[in-house]
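Step one of this worksheet: look at the structure below.
The values are calculated or read from the model by the stated rules, or taken from the named source; none is laboratory data. Please read all numbers here as calculations on a predicted model, not as lab measurements. Note: ideal-geometry Cβ built from the backbone for every residue, glycine included; neighbour counts use all protein chains shown.
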Amino acid sequence: SANDMKEAENYVKSHYAAPNSDYFGMAKGKNVIYIHLESTQQFLIDYKLKDEEGKEHEVMPFINSLYHSKSTFSFDNFFHQVKAGKTSDAETLMDNSLFGLNQGALMTQLGGKNTFQSAPNILNQTLGYSSAVFHGNAGTFWNRNETYKRWGYQNFFDASYYDVNDSNSFQYGLHDKPFFEQSVKYLEQLQQPFYSKFIAVSNHFPYSQFTNDEAGFPMADTNDETINGYFATANYLDRAVEEFFNYLKASGLYDNSVIVLYGDHYGISTSRNKNLAELLGKDKETWSGYDDAQMQRVPYMIHIPGQSKGGINHTYGGQVDALPTLLHLLGVDTKDYIQLGQDLLSKQHEQLVAFRDGDFVTDKYTYYGGTLYDNATAQAITAPDEQLKTQVTKWKDEVGKQLATSDQINNGDLLRFYTGSNLKELDPEKFNYKNALD
Ligand code: GP9
Ligand code: MN
């Protein structure tokens, strides 16, 4: 009901983090190009895989160069917050600053029904942005073709726009190099400024897409085939992204764009982490829930060509924080929007990262699977003092409130009652994803 919306609004207002004037509007007027790094975890950044002879191979040299660039706001304590909706949950978080559902996938269950106030719609109505998603898989996967209309995406280039065949694809669609290559002719026709997202997919489980020879990158040598192939597919993704940047530079789009790279969720599931331990220089025997929690970091980098205020930012945050961060860089204040995250560059940003199941991480503590850990020692805290106990209870409540508000908004379809922003109602039926740009 409208009353429930009011309650959610009160929470959002009380949780709002104001933009930092050092960064607000820094990327005003620029195109936005999201590059979705499938299954890419933060530990791959700067990682070098040793081959049988002990020679080191850098997994993601190009993305590492962006990560260390002064033109990039890079975050090394940024966590995914997805659950069963995986990629689609990450998209929900990044485009809406709302969580996915606790069970199943929001995009499949509610994406074709609910009212949203998503990034492409906000940017269209406030600054005249056009918008598009590019993805070399069937448009129905995760109910994207319906959901995107309600998010305000004007164009969706799904597999039907690409030449996909047995030799350039696998079960989740077109491989990243042909994907970026074939996307260019559509991207060029978008009206600027645009908000766009490229969902690359080659680095998807089971990571057996390439054999050793095809990949041109060594396989890891563990007893776990999934882990063994992961580095080579990540390397392929890296090289595909580099090719895409080369195109952006050649076309002139690069200088007018903000390019945001993010990992959607883990690539190696928690049940396999012990098999990965040795490659990370860790002891399998002492691997704990603490370590599993730390593995949920994913890359988040905002590359703004021409500026040099970037660097590696250690703020703790998650995918829910991405939209307010980006909008503030583009010069759109988020105070009238219903967004559950906080600008990572805001002085008011609270370093409390909710996992979808109620666990959480802060800059000092990790609460995972019912156990509290000290980040400084990686050890469980079995007897916290009163002060810490009170603090942990407060964090649990805050995390619970953030997740519950998200669920109320989504399950109650509450945004249809929201009138506190200047956004006009969006008619999803006005978008037709067939024959775009004809
Ligand atoms: C395929 C895709 C995969 O279209 O986005 O999603 P995931 O399995 O990672 O959720
Ligand atoms: Mn995914």
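Overview of values
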{"quantity": "Matching residues, segment 308-355, being surrounded by fewer than 22 Cβ atoms within 10 Å (Cβ to Cβ), of a type outside the set (D, E, K, R) and either on the phi > 0 side of the Ramachandran plot or touching a Lys or Arg at 6+ places or on another chain (Cβ under 8 Å) (or both)", "calculated": "Ser308, Gly310, Gly311, Gly331"}
{"quantity": "Residues within segment 137-157 that are within 15 Å of ligand 1 (Cβ to nearest atom) and more than 19 Å from the chain's Cα centre (by Cα), tallied", "calculated": "6"}
{"quantity": "Yes/no for Asp397 being of a type in the set (Asp, Glu), assigned to a helix (DSSP H, G or I) and more than 24 Å from Thr147 (Cβ to Cβ)", "calculated": "yes"}
{"quantity": "Members of segment 249-281 that are in contact with a strand residue (DSSP E or B) (Cβ under 8 Å, 6 or more places away or on another chain) and within 16 Å of ligand 2 (Cβ to nearest atom)", "calculated": "Leu261, Tyr262, Gly263, Asp264"}
{"quantity": "Condition broken by Asn203, with the remaining ones in (1) touching a Leu at 6+ places or on another chain (Cβ under 8 Å); (2) more than 16 Å from ligand 2 (Cβ to nearest atom) satisfied", "calculated": "(2)"}
{"quantity": "Residue in segment 89-105 that is within 16 Å of ligand 2 (Cβ to nearest atom) and surrounded by fewer than 22 Cβ atoms within 10 Å (Cβ to Cβ) present", "calculated": "yes"}
{"quantity": "So Gly229, is it surrounded by 15 or more Cβ atoms within 10 Å (Cβ to Cβ) and touching a residue at least 40 places away in the same chain (Cβ under 8 Å)", "calculated": "no"}
{"quantity": "Residues located in segment 43-63, provided they are away from ligand 2 (no atom under 15 Å from the Cβ) and touching a residue at least 60 places away in the same chain (Cβ under 8 Å)", "calculated": "Phe43, Ile45, Tyr47, Leu49, Asp51, Glu52, His57, Val59, Met60, Pro61, Phe62, Ile63"}
{"quantity": "Pick from segment 78-105, criterion within 11 Å of ligand 1 (Cβ to nearest atom) and part of a helix (DSSP H, G or I), ranking: farthest from Ser269 (Cα to Cα)", "calculated": "Glu91"}
{"quantity": "Selection count where residues are in a loop (DSSP other than H, G, I, E, B), farther than 30 Å from Asp291 by Cβ and not aromatic (Phe, Trp, Tyr), scope segment 18-45", "calculated": "11"}
{"quantity": "Single condition Asp22 does not satisfy, out of (1) closer than 29 Å to Asn256 by Cβ; (2) in contact with a Lys or Arg (Cβ under 9 Å, 6 or more places away or on another chain); (3) within 16 Å of ligand 2 (Cβ to nearest atom)", "calculated": "(3)"}
{"quantity": "Which listed residue, of Asp213, Asp176, Asp224, is among the acidic types (Asp, Glu), more than 28 Å from Asp95 (Cβ to Cβ) and at pLDDT 95 or above", "calculated": "Asp224"}
{"quantity": "Residue list for segment 256-283, restricted to those being assigned to a strand (DSSP E or B) and in contact with an Asp or Glu (Cβ under 9 Å, 6 or more places away or on another chain)", "calculated": "Gly263"}
{"quantity": "Filtered residues of segment 232-279 (kept if crowded, with 20+ Cβ neighbours inside 10 Å and among the hydroxyl-bearing types (Ser, Thr, Tyr))", "calculated": "Thr233, Tyr236, Ser257, Tyr262, Tyr266"}
{"quantity": "Close pairs (8 angstrom Cβ cut-off, 6 or more residues apart or separate chains): in contact (Cβ under 8 Å) with a residue 24 or more places away in the chain and away from ligand 1 (no atom under 13 Å from the Cβ) in segment 258-279, among the acidic types (Asp, Glu) and part of a helix (DSSP H, G or I) anywhere", "calculated": "Thr270/Asp292"}
{"quantity": "3 or more residues touching a strand residue (DSSP E or B) at 6+ places or on another chain (Cβ under 8 Å) and over 18 Å from Leu253 (Cβ atoms): qualifying helices (runs of 4 or more DSSP H) within segment 132-239", "calculated": "144-151"}
{"quantity": "Residue that is farthest from ligand 1 (Cβ to nearest atom), among those in segment 106-136 that are among the β-branched types (Val, Ile, Thr) and over 18 Å from the mean Cα position of the chain (by Cα)", "calculated": "Thr126"}
{"quantity": "Hits in segment 400-438 - residues which are of a type in the set (Asp, Glu) and either in a helix (DSSP H, G or I) or touching a Phe, Trp or Tyr at 6+ places or on another chain (Cβ under 8 Å) (or both)", "calculated": "Asp407, Glu429"}
